[in-house]
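Okay, so here's the structure we're looking at.
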Amino acid sequence: MKPSIQFVKRPDGVKLAYTRFGKGQVLVFPSPWVTSLSYIIEDPFANHFWERISEAATVILYDKHGCGQSDRDRKDFSLESELVDLETVIDHLGLGQFSLLGSSMAGPVAMAFTSRHPQKVTRLILYGTFASGKNLATEDVKSALMSLIRASWGLGSKAIADIFLPGANTKELESLAKFQRESSSPETAARIMELAYSFDVTGLLSGIKIPTLILHRDGDKAIPIDHGRKLAGEIPNSVFRVMKGKIHPWWYGESDEIINEILGFLSGGTSKPPINDKTEVFSAKDQVGDIPDSRFDGSEIVEQATIVFTDIVSSTQLVTELGDATARDIFLQHDRIIRERLEKYGGKELQNLGDGFMLSFNSPSAAIRCACDIQSELSKSLPSVRVRMAINTGEVVKREGEHPFGQAVVLASRIISKAKGGQVLVSDVSKQLASGSKFSFSDKGRFKPKGFSETIKTHEVHWRENLEGSS
C-alpha cells in the first residue's frame, strides 16, 4: 500500500495533509491523538490494518493541525479546531454520504460531527473511545502522564508503552517510538492529550440515530472498557462488541478480529456473535419500540426468560489500586464463583461483559436463589469486590447463533444502573412470579428507565435473610 499524500488548506490558511486509497464505499477516519501519514503508510502493523480495510472501502486519512505532514505551528487546542480539520478534508473531497471511524480521542470528534451533520454520516464506528474525558483518569494520573510525555516522547519510553502497548516486544517499542517522533513534538502531544481530557459529548449521544458499532478491548488501560459500555447504553441503535486484549492502538495485537468486525458492519449488518470471547450488547433504544427490519429473518423464537445482569462496581479503580496482576486474579476468582453458582442453579451464561455477566434462567426463583448465593460467596471470598445485580423476567427474542434480545433484556440492564454494590434489585414482574418462594424483599420505589414510556417498580432482595431462611 503506497498511497500518495496530498494537501488542502483550511479556511484560516492552515495546511493539512491527507491521503485517499482503496475502493468501495467511503470511510473517513478522523485524526486521533497524534498522527503521521508517512508512518501509517510505511509501518508494517498499521499498513496491514489499513490495507485490509481498503479492500472493501475507500479510506480517507489525514494529519491533524500540529501533527505529521500538516502545519505544525498550532495554538488552538479545542474540539472546534478538531472539527475544522475534519470538515475541511470532507468538503475538499466533495463527499456526500460516508461512514465515520472514530478511534480513541477521535471518537468524541466523530460523535460531534455526526450530531452536527446527521445527513452526511450513514454509519458510525467507535473503537476504544469515550464520551467524557474528565473521567479517564484522576488529576494526579493526568498530570503525571503529561510530564512523562514531555520528558520521554520519542525515546521508546517503557512507561508510556505500558499504558498504550502493554507487553510490547522490542520491535513494537521501536515502532511506537518512531511513530511518536514522526507525529508531533512532545509539547503538542501533551497539549492534545490535555484537550482529550476536556472533551465531553455526553449530551449528544442520545441524538445519534444512525447504526453504530462500538468496539473495545477488555484490558485497555488507556481508555478502560467502562467508557465503551457507557456509550453503548446511551447511543440508540448501537452494537457493542468486547474484544480480548490490553493494547490500545488497534493495529497492534489481534487486529484481524477488529478488521472483520468493521468490514462486517460496513457491509450492511453485524457479524455473527463469535465462538470466541467477543460479546455483543444492544443499547436500549435499539430494542425498545420498533426494531430495525434487518434484525429479523423469520427464524426468531420468542420465549419467556429471566435475565440477570451482574456488574463489578468501580472495576477500573480496583485495577488502578491493586495493579493488573492482582486485579486479574480477583476477576478470575469472581468469574469462577459466578460460573459455579450458575451451574448449580441451572442458569446459562449469555455474555461475559468484561467486568460482569449477562445470565439467563428458566424461572425468576432460580435466578433470585443464584443471585443470593453469589452475593453470599463474594462477601466471604472477595470482600473487597462489590457486585451489583439486576433481575427481570419477560419475553425475549432468540435467533440461532445470537444472544437473546428484546425489552426484557433492556429493562434488566436499566435496573442495574439503579443498584448499588452488594445489592440485588428485581423488577416487580420477577417479584410477583417468585411470590410463592417466600423471598424477603423491600420496596425500592419506581423509576422511568431510559427508552421506556412508563415507570417501573423495583424491589431489593434481602439476600442474607433469604439464605438464612433456606438453610
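Figures for the structure shown
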read-out	value
Any hit, the range 90-106, residues being farther than 23 Å from ILE235 by Cβ, among the polar types (S, T, N, Q) and either open to solvent by less than 20 Å² (accessible area, probe 1.4 Å) or outside any loop (DSSP other than H, G, I, E, B) (or both)	no
Of residues in the range 427-453 being assigned to a strand (DSSP E or B) and either within 29 Å of PRO236 (Cβ to Cβ) or of a type in the set (A, V, I, L, M, F, W, C) (or both), the one least open to solvent (accessible area, probe 1.4 Å)	SER427
Per-region count, the range 1-57, residues over 29 Å from the mean Cα position of the chain (by Cα), hydrophobic (A, V, I, L, M, F, W, C) and not in a strand (DSSP E or B)	3
Evaluation of GLY128 against (1) on the phi < 0 side of the Ramachandran plot; (2) surrounded by 20 or more Cβ atoms within 10 Å (Cβ to Cβ) (one fails), failing number	(1)
Members of the range 412-471 that are under 30 Å from ILE208 (Cα atoms), more than 27 Å from the chain's Cα centre (by Cα) and aliphatic (A, V, I, L, M)	ILE456
Contacts under 8 angstrom Cβ, first residue in the range 321-335 being closer than 18 Å to LEU378 by Cα, partner open to solvent by 30 Å² or more (accessible area, probe 1.4 Å), 6 or more apart	ALA327/VAL319; ILE330/LEU322; ILE330/SER384; GLN333/SER381; ASP335/ASN352
Any pair with Cβ under 8 angstrom, 6 or more apart, that starts in the range 161-188 at a residue that is modelled with pLDDT of 80 or more and ends at one that is in a helix (DSSP H, G or I) and surrounded by fewer than 18 Cβ atoms within 10 Å (Cβ to Cβ)	GLU182/SER38; PRO186/ARG150; PRO186/ALA151; GLU187/ARG150
Helices (runs of 4 or more DSSP H) fully within the range 167-258 counting 2 or more residues that are within 26 Å of ASP63 (Cβ to Cβ), open to solvent by 10 Å² or more (accessible area, probe 1.4 Å) and in contact with a helix residue (DSSP H, G or I) (Cβ under 7 Å, 6 or more places away or on another chain)	170-183, 186-198
Residue match in the range 380-394 (condition: among the aliphatic types (A, V, I, L, M) and more than 26 Å from the chain's Cα centre (by Cα))	yes
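The values are calculated or read from the model by the stated rules, or taken from the named source; none is laboratory data. The shown structure was predicted, so the numbers you read here are calculated from the model rather than taken from an experiment. Glycine also receives a Cβ, built like all others from the backbone with ideal geometry; neighbour counts cover every protein chain displayed. The protein model used for the area step is the full one, side chains on, heavy atoms only, and it has no ligands, DNA or RNA in it. Shrake-Rupley method; radii C 1.70, N 1.55, O 1.52, S 1.80 Å.
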